[in-house]
Structure formats: structure tokens, C-alpha cells
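In what follows, a structure is listed as C-alpha cells, so that the remarks can point back to it.
Every read-out reported here was derived from the displayed coordinates using simple, explicitly stated rules and does not represent laboratory data. What you see is a predicted model; the values in this text were computed from it and never measured. With ideal geometry, Cβ positions are generated from the backbone for all residues, glycine too; neighbour counts draw on all protein chains shown.
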Amino acid sequence: MAEVGFYQLRTSLLEHALPKLLQKALDAGHRVRVVGGSDARMEALSTAFWTYDPETFLAHGLARDGDAERQPIYLTAESTDSTINENAADLVVTIDGVEPVFLEGVVRYLDMFDGKDETALESARRRWKRRTAEGHTISYWRQGEDGGWEKLG
């Protein structure tokens, strides 16, 4: 079973918080797959990655770019074939309420959601219950006022 961390956004947008987490993941030697609700959403996220910090380059690619195996961060939509680990990721981030597909070689999943949106919060609670019932190791992280993450469980 994989480790699943739920990340409740409270003080900043995903486009600001996710690049910082991804940079830490890359610095720790991880390869990452980010799965969102649509190709358009992933395009917007790619643009945010290019512009979030002028001092930093966050190496990534979209499914349409090809060469997935060369991408340390691979952005893909839920609608693509999600049973293939195209970039040999060991960490998967799901956004937009996407249900993760548990892939061989992936040891950790991050489920990021907007904690100020009641619908997103309720959906995350249902996913939490499913992951717990499946026997995964679960952790819960909430964004603090300073934008950092605090582990609650």
C-alpha cells in the first residue's frame, strides 16, 4: 500500500503552493506525476510553473509535449491513459478531486484540495474514507497562515 497525504489549501492558490512542494520533491530526488481534471487545467498549471518564481526553473512537461520519460515533473489530465507511469514517477499529485490510479513504483500520493470550498472539502473527506478502507497509510496536512504546511494526522 502507498502513503497518501491529503493537503488542504487554505491561504494560497494551488498555482502558488504546488510549485513549492514540487521543488522540494525534486530536491529530494523524486520524479513526479501531476494529474488534473482536464488538459486546459494542466496547460494553465504549466504556465503557472513557468512564472511562479523568476529565480527558479521548475522542469516539467505536458502530455502533449511528448518525451514523458525525460520529464522530472509530468503534467497530465485524468482523461489520458492513467495506468501507465510515463515518467517513472515515484510520487503522484492529484488535484481537482481526481481519484488516484495506484501505479507500480509510486510510493507516495498527494491529494491537494481547496479547503475553503465546501464541495471540495466534502469530496476530500470521501476520498480519505476510501483510502483508509483500502489500507493505505494516511496523513493530513493543512496550510498555515504563513503558507507552510502543518501535519495534523
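Computed about the Cα centre, the dipole magnitude for the stretch 82-153 is approximately 360 debye when only Lys and Arg (+1) and Asp and Glu (-1) carry charge, each at its Cβ. The protection proxy used here, the mean number of other Cβ atoms lying within 10 Å of each residue, ranks peptides 98-106, 34-42 as follows, highest first: 34-42, 98-106. Ordered by the number of other Cβ atoms lying within 10 Å of each residue's own Cβ, fewest first, I138, I95, I73, I84 fall into the sequence I84, I138, I95, I73. Shape class of the stretch 1-69 from the alpha-carbon gyration tensor: rounded, with the ratio a/c of largest to smallest axis under 1.5.
Here's the picture: a label point sits 7 Å out from the Cα of L152 along the beta-carbon direction, and within the stretch 1-41 the residues with their amide nitrogen under 14 Å of it are 6-11. Calculate, in whole percent, how much of the Cα-Cα pair population of the chain lies beyond 28 Å. The answer is 13 percent, as a whole percent. Loop-located trypsin sites (Lys or Arg not before Pro) across the stretch 71-153 with a Cβ neighbour count of 11 or fewer within 10 Å are K116, with loop assigned by DSSP. Of all lysines in the structure, those lying under 19 Å Cα to Cα from K129, and not within fewer than 8 positions of it along the same chain, are K151.
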